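Undergrad: Here it is: the structure, laid out below.
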Amino acid sequence: MSYQQIPDYPENYSSGNIISRFIDGLGYRYYWATEELTDKDLKYKPSAEGKSTYETIEHLYWLSIMILDAPQHITSIRLTKDDLSKITFKNLRENTLHNLKKASELCAGKTANDIAVFTVRIQKGEDTLEFPFWNMMNGPISDALYHTGQIVSFRRSSGNPIHPRVSVFLGKTKEL
């Protein structure tokens, strides 16, 4: 499965490679945040009003769809609760990791001019909202990093912390 470790870094700092690396860092964090989650972890809520870990994972799946759609010039259409209820945790996790990996690959090697034509398009009812790719970075990518951190915190609170050898700085899990 993708992102057990972060891929080797690219040879240069092109615009696309920088975006790709951010997505890879997200993928690595998400992989370990969601690895070996238990039923207890998935049901955990920080408060009665808060979202559960599972609901946060559903949201992360939606964000991964948006992250993948933009470089393909595809309009993102939000899945309904009914659509999401048909997807198992295992499939949500695998699909999210797949979406991030493919988005990273689509961005890798792209120039600033290539990235400039990427747009974030979201279908809302009859309307399609369109934003420059800048909004992808401060929106879905940053939001996904934020929510992945929430999962790490939630699982720690439910008694199942992430693997102690995960090194987000190195992008690898240290050997025992």
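Undergrad: Can you give the FRET efficiency for Gln72 and Leu145, using 1/(1 + (r/R0)^6), R0 = 22 Å, r = Cβ-Cβ distance, to the nearest 0.05?
TA: 0.55
Undergrad: Any aspartates and glutamates with Cα under 14 Å of the Lys101 Cα? List them, leaving off those in the same chain fewer than 8 positions away.
TA: Correct list for Lys101: Asp8, Asp24, Asp69.
Undergrad: Return Ser47, Ser20, Ser14 ranked ascending by Cβ neighbour count within 10 Å, so the fewest neighbours appear first.
TA: Exposure proxy ranking, most exposed first: Ser47, Ser14, Ser20.
Undergrad: Next question. Taking the simple approach of a point 7 Å from Cα along Cα-to-Cβ for both Leu170 and Gln4, what is their distance in nm?
TA: Those two pseudo-labels are separated by 1.6 nm.
Undergrad: Would you mind finding the longest exposed-site-free stretch of the chain, with exposed chymotrypsin sites (Phe, Trp or Tyr not before Pro) meaning DSSP loop and at most 12 other Cβ atoms within 10 Å?
TA: Looking at the chain, 14-168 is the longest stretch - no exposed chymotrypsin sites (Phe, Trp or Tyr not before Pro) with at most 12 other Cβ atoms within 10 Å.
Undergrad: Report the full-extension gain for the segment Ile87 to His59: residue separation times 0.36 nm, less the Cα-Cα distance, to one decimal in nm.
TA: Net length gain for the segment: 8.8 nm.
Undergrad: Follow-up question, since we're still on this one. Along the Cα→Cβ direction, 7 angstrom out, place labels at Glu94 and Asn12. What is the inter-label distance in nm?
TA: 3.8 nm
Undergrad: Can you compute the modelled spin-label distance between Asn138 and Glu105, with each label point 7 Å from Cα toward Cβ, in nm?
TA: 3.2 nm
Undergrad: Could you point to the residue in Pro71, Gly109, Ser157 farthest towards the positive end of region 61-176's charge dipole, with +1 and -1 charges on the Cβ of Lys/Arg and Asp/Glu respectively?
TA: Ser157
Undergrad: Quote the Stokes-Einstein diffusion coefficient, in whole µm² s⁻¹, for region 1-82, based on the Kirkwood radius over alpha carbon pairs, a temperature of 37 °C and a viscosity of 0.692 mPa s.
TA: 221 µm²/s
Undergrad: Just how large is the dipole of the chain about the Cα centre, in debye to the nearest 20, putting +1 at every Lys and Arg Cβ and -1 at every Asp and Glu Cβ?
TA: Using only the charged Cβ atoms, the result is roughly 480 debye.
Undergrad: Starting from the Cα gyration tensor of region 24-148, multiply each eigenvalue by 5, take the square root, and state the resulting semi-axes largest first in whole Å.
TA: Over the Cα atoms of region 24-148, the semi-axes work out to 26, 17, 12 Å.
Undergrad: Quick check on the chain: of the DSSP beta bridges with both residues there, what percent are antiparallel, nearest 5%?
TA: For the chain, the DSSP antiparallel bridge percentage is about 75.
Undergrad: Would you work out the relative contact order for region 1-119, in percent, from Cα pairs under 8 angstrom that are 6 or more residues apart?
TA: In percent, rounded to a whole number, it is 43.
We did not get these values from a lab; they are worked out from the coordinates using the rules stated. Please read all numbers here as calculations on a predicted model, not as lab measurements. Note that we place each Cβ from the backbone using ideal geometry, even for glycine, and neighbour counts take in every protein chain shown.
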